[in-house]
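Here the structure comes first, spelled out in structure tokens, and everything after it is commentary.
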Amino acid sequence: MNQPIGNPGERIDAIFDSVCANGLRRGSVAGASDDQIDQMAADQGVERVPEAVREVLRVMGVRSGLWLAGTAFGVEAMTAERKRHVVATLGGLDHELADPRGLLVLTAHQGYAYHVVDGADLDQDDPPVWDVVEGEGARKAWDSVSDWFAGTAPNVADLRDMMEMMEEMGKQPPKWAEFVEPRQS
């Protein structure tokens with residue numbers, strides 16, 4: 001997804017708007033307040049939340065709907081305990097994170113895979129995002145939070161096609177269908 005020029009908040013908002021224009025129902029996500037974001041950061045022992053991360057959480061930090069479906073995400077899910085888990089995971093891996101103890105956890109997937117921002121990068125407005133997988137390794141997977149946000153976006157067109165196929169087969173729509181706007185005729 002091509003990102004517009006601008007500050008991280010503008011980039012995140014443009015990515016979100018693009019996915020909504022493709023059919024994601026805006027009301028399917030709920031954003032967090034700055035106080036909630038600050039509390040999550042404090043719980044993780046982090047003093048600064050990069051602007052791009054803050055904007056993602058403002059968009060969908062309370063409820064992420066189809067975005068990151070099946071993955072723990074948001075101000076309530078990213079706790080000190082999750083951070084302890086990822087730091088312990090990194091202790092058993094060769095990695096190139098400069099400050100693993102200072103990292104900010106963005107997601108946790110089934111207790112073995114995480115997306116994080118290196119503690120050494122928290123002073124950047126739109127820092128790289130690392131993929132940490134227990135027993136496998138840690139790698140810089142996205143050059144920026146904006147790239148991560150775009151790369152984890154739901155493919156609404158494919159989901160809409162799946163819904164239409166299910167309807168043609170006489171099947172009940174899946175629960176997540178409520179998060180997708182009907183196709184415009």
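The values are calculated or read from the model by the stated rules, or taken from the named source; none is laboratory data. As the structure is a prediction and not an experimental result, all values here were calculated from the model. Virtual Cβ from ideal backbone geometry, glycine too; neighbours counted across all protein chains shown. Remember, those area values only see protein heavy atoms, side chains included, never the ligands or the DNA or RNA. Shrake-Rupley method; radii C 1.70, N 1.55, O 1.52, S 1.80 Å.
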Revision key, fill the gap. Residues whose modelled amide H sits under 5 Å from the amide H of Val180, counting only those 5 or more places away in sequence or on another chain, are Arg25
Revision key, fill the gap. accessible surface per residue for region 77-185, probe 1.4 Å, DNA/RNA/ligands not counted, whole Å² -> 55 Å²
Revision key, fill the gap. Carbon plus sulfur, as percent of the 1.4 Å-probe accessible area of region 123-185, comes to 47 percent
**Study point:** region 1-142: relative contact order as a whole-number percent, Cα under 8 Å and 6+ apart
**Key:** 20 percent
Point to revise | Centroid-to-centroid separation of region 1-50 and region 59-104 [C-alpha atoms, Å] | key: 16 Å
Point to revise | Whichever lysines have a C-alpha closer than 21 Å to that of Lys140, once near sequence neighbours (fewer than 8 apart) are set aside | key: Lys83
Exercise for review: Keeping every protein chain in place, order Ser18, Ser144 by accessible area at 1.4 Å, biggest value first, i.e. largest first.
Suggested key: Ser18, Ser144
Review point. Helix by helix, which DSSP H runs in the chain go 15 Å or more along their axis at the Cα atoms and have an average Kyte-Doolittle hydropathy of -1.0 or more?
Key: 8-21, 80-91, 156-168
Review point. What nm distance separates the two modelled labels at Met166 and Glu47, each placed 7 Å from Cα along Cα→Cβ?
Key: 4.8 nm
**Study point:** Extension reserve of the Ala141-Asp13 stretch, reckoned as 0.36 nm per residue once the Cα distance is removed
**Key:** 43.9 nm
Revision key, fill the gap. Of all stretches in the chain that avoid trypsin sites (Lys or Arg not before Pro) placed in a DSSP loop and having at most 16 other Cβ atoms within 10 Å, the longest is 49-170
Check your understanding: Using all Cα-Cα distances in region 25-72, what percent lands in each 5 angstrom bin from 0 up to the longest?
Key -> 6, 21, 29, 24, 15, 5, 1
Revision key, fill the gap. Summing -39500 (n - 2.57) over every DSSP H run of at least 4 in the chain, dividing by its residue total and rounding to the nearest 500, the 222 nm mean residue ellipticity is -11000 deg cm²/dmol
Study note, to complete from the structure: Excluding ligands, DNA and RNA, the carbon-plus-sulfur percentage of the accessible area of region 34-85 with a 1.4 Å probe reads 41 percent
Exercise for review: Treat each spin label as a single point 7 Å out from the Cα along the C-beta direction, and report the Glu181 to Ser33 distance in nm.
Suggested key: 2.9 nm
Review point. Just going by the charge dipole of the chain, with Lys and Arg at +1 and Asp and Glu at -1 on Cβ, which of Leu106, Val117, Gly65 is farthest out on the positive end?
Key: Gly65
Point to revise | Full-extension gain in nm, Arg84 to Arg25, via 0.36 nm per residue minus C-alpha separation | key: 17.8 nm
Practice item. Give the ranking of Asp161, Asp118, Asp99 by solvent-accessible surface, highest area first, calculated with a 1.4 Å probe. Key: Asp161, Asp99, Asp118
Practice item. Mind giving me the nanometre distance, one decimal, between the label points for Arg63 and Asp99, set 7 Å out from Cα along Cα→Cβ? Key: 3.5 nm
**Study point:** Charged-residue dipole, Cβ positions (Lys, Arg, Asp, Glu), the chain about Cα centre, Debye nearest 20
**Key:** 540 debye
Exercise for review: Kindly provide log₁₀ I(q)/I(0) values, in the same order as q = 0.08, 0.13, 0.19 Å⁻¹, from the Debye equation applied to equal alpha-carbon scatterers of the chain.
Suggested key: -0.27, -0.67, -1.25
